[in-house]
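J.: Before I ask anything, let me first share the structure, which is written out below as structure tokens.
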Amino acid sequence: MISTDRFFHVQDQTRGFFEGWYFKHQINAQVYAFIPGISIDAYGKKQIFVQVISQTSSHYFSFPDDALKIDESNQEIKIGNNVFSMNGLVIDLHSDELTIKGHLIYHDLHAIKRSVYAPSVMGPFSYLSFMACYHGILSMEHVVSGSLTWADAVIDFDNGKGYIEKDWGSSFPDAYVWVQCNQFSQDKMRLFFSAANIPFLGLSFLGLICVLQIGTKEYRFATYHGGKITSIVRKQEKLILQISQKRLQMTVEIATDTGHALQAPMRGEMSRIIREHARTTIRVTLTQNGQEILSEKGSLAGFEEVGNVQGFHY
């Protein structure tokens with residue numbers, strides 16, 4: 001089994017490692033994401049955690065070393081009384097600042113397309129065992145039902161939308177841009193975008209992965225398909241990304257603001273602070289041979305930018 005096919009990787013790790021999952025949920029104009037995970041520093045010290053981010057705030061819940069239980073056969077993560085899986089989640093989080101409880105169920109998950117050459121979103125890099133950070137997209141979109149009690153408010157998620165991805169390895173890239181959105185004016189349209197500095201055999205390169213789904217049609221821009229970033233500029237509080245691959249060109253415009261703090265891994269230790277925008281707006285324009293195929297506005301988009309990726313200053 002190749003690495004990116006596994007739901008868990010932490011069983012064989014003793015130091016300098018992290019693994020985290022990103023479960024995003026949205027209903028109306030509200031966004032709530034849960035990030036369960038584990039980090040193991042260079043000395044073997046573990047951190048078990050669940051991070052939470054919404055449109056208004058972010059929170060970090062820590063747990064004892066023995067709180068993490070994993071069930072590979074059912075693709076299920078248990079941290080304390082919290083359960084995370086491809087079928088849904090059970091939340092029971094408590095701190096002095098916030099209490100969250102509830103049960104959400106997932107239906108009709110939409111995966112990305114796979115092939116022998118690209119068995120995951122990482123393409124042929126899926127087969128390598130020495131990458132600093134691996135990424136997997138588990139569901140580009142799915143239906144969410146159930147409810148959460150967030151502080152004193154009950155949130156009904158019936159007919160909500162969800163998204164699931166995961167990361168694992170030793171460290172996040174030192175510079176990257178990440179965008180995710182499945183709430184567009186055109187129905188059944190979904191976007192994932194990532195550009196990052198990738199350490200590789202003592203050198204580094206600028207890696208690109210972008211998945212655009214429209215119904216059953218999938219466009220994949222990627223370094224391993226010859227895709228390139230042609231421009232990154234900042235104009236009037238927007239970050240504008242332009243990419244190309246053969247006859248296709250895409251522009252992604254992202255409204256940027258402050259975002260909320262999240263902890264991120266460096267050599268297995270959760271020692272970096274990044275900022276994520278849980279609910280921003282974007283516009284995606286796709287052209288082929290200079291002719292516009294679509295131009296759609298998206299909302300409730302997730303967005304992170306850290307540093308300036310290789311070859312660009314913005």
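The values are calculated or read from the model by the stated rules, or taken from the named source; none is laboratory data. Just so it is clear, the structure is predicted and the values come from calculations on it, not from any experiment. Virtual Cβ from ideal backbone geometry, glycine too; neighbours counted across all protein chains shown. Just so you know, the surface numbers come from the protein's heavy atoms only, side chains and all, with ligands and any DNA or RNA stripped out. Shrake-Rupley method; radii C 1.70, N 1.55, O 1.52, S 1.80 Å.
J.: From (1) part of a helix (DSSP H, G or I); (2) surrounded by fewer than 16 Cβ atoms within 10 Å (Cβ to Cβ); (3) in contact (Cβ under 8 Å) with a residue 12 or more places away in the chain, pick out the condition that doesn't hold for D66.
T.: (3)
J.: Separate question: Quick one: what pairs do we get from the stretch 213-230, first residue open to solvent by less than 40 Å² (accessible area, probe 1.4 Å), second small (G, A, S) and in a strand (DSSP E or B), C-beta under 9 Å, 6+ apart or different chains?
T.: F221/S244; A222/G207; Y224/G207; G227/S244; I229/A195; I229/S244
J.: Which pairs do you get when a residue that is at negative phi, found in the stretch 270-282, comes within reach of a residue that is open to solvent by 40 Å² or more (accessible area, probe 1.4 Å) and of a type in the set (F, W, Y), reach meaning Cβ atoms under 9 angstrom, with the pair 6+ apart or on two chains?
T.: M270/Y60; R272/F172; I274/F172
J.: Against the definition (open to solvent by less than 60 Å² (accessible area, probe 1.4 Å) and within 18 Å of G169 (Cβ to Cβ)), how does D41 come out, yes or no?
T.: So D41 fits the description; yes.
J.: Which number in (1) surrounded by 15 or more Cβ atoms within 10 Å (Cβ to Cβ); (2) out of contact with any helix residue (DSSP H, G or I) (no Cβ under 7 Å at 6 or more places or on another chain); (3) on the phi > 0 side of the Ramachandran plot; (4) not basic (K, R) marks the one condition that F8 misses?
T.: (3)
J.: Additional query: Restricted to the stretch 59-86, and to residues that are of a type in the set (A, V, I, L, M, F, W, C) and within 22 Å of the chain's Cα centre (by Cα), which residue is nearest to S39 (Cα to Cα)?
T.: Ranking the qualifying residues of the stretch 59-86, first place goes to L68.
J.: While we're looking at this one, here's another question. Please specify each residue of the stretch 69-102 satisfying the condition of being surrounded by fewer than 14 Cβ atoms within 10 Å (Cβ to Cβ) and of a type in the set (D, E, K, R).
T.: K69, D71, E72, D96, E97 - these are the residues of the stretch 69-102 that are surrounded by fewer than 14 Cβ atoms within 10 Å (Cβ to Cβ) and of a type in the set (D, E, K, R).
J.: Take the stretch 103-145 and flag every residue that is open to solvent by 20 Å² or more (accessible area, probe 1.4 Å) and small (G, A, S).
T.: Correct list: A111, S115, S129, A132, S145.
J.: Which of the residues that make up the stretch 230-273 are farther than 20 Å from L300 by Cα and of a type in the set (V, I, T)?
T.: Scanning the stretch 230-273 gives T230, I232, V233, I243, I273.
J.: Could I ask something else about it? Going residue by residue through the stretch 268-290, is there one that turns out to be closer than 30 Å to V10 by Cβ, among the acidic types (D, E) and open to solvent by less than 90 Å² (accessible area, probe 1.4 Å)?
T.: Yes.
J.: Here are E269, E276: which of them is more than 21 Å from Q30 (Cα to Cα) and in contact with a Ser or Thr (Cβ under 9 Å, 6 or more places away or on another chain)?
T.: None of the other options fit; the residue is E269.
J.: May I pose another question? Take S39 and tell me if it is within 27 Å of G102 (Cβ to Cβ), touching a residue at least 60 places away in the same chain (Cβ under 8 Å), in contact with a Pro (Cβ under 7 Å, 6 or more places away or on another chain) and not aliphatic (A, V, I, L, M).
T.: Against the criterion (within 27 Å of G102 (Cβ to Cβ), touching a residue at least 60 places away in the same chain (Cβ under 8 Å), in contact with a Pro (Cβ under 7 Å, 6 or more places away or on another chain) and not aliphatic (A, V, I, L, M)), S39 qualifies.
J.: Moving on to the next point. For the stretch 159-187, which residues satisfy the criterion of being farther than 26 Å from Q47 by Cα and modelled with pLDDT under 95?
T.: N159, S185, Q186, D187, listed by residue number.
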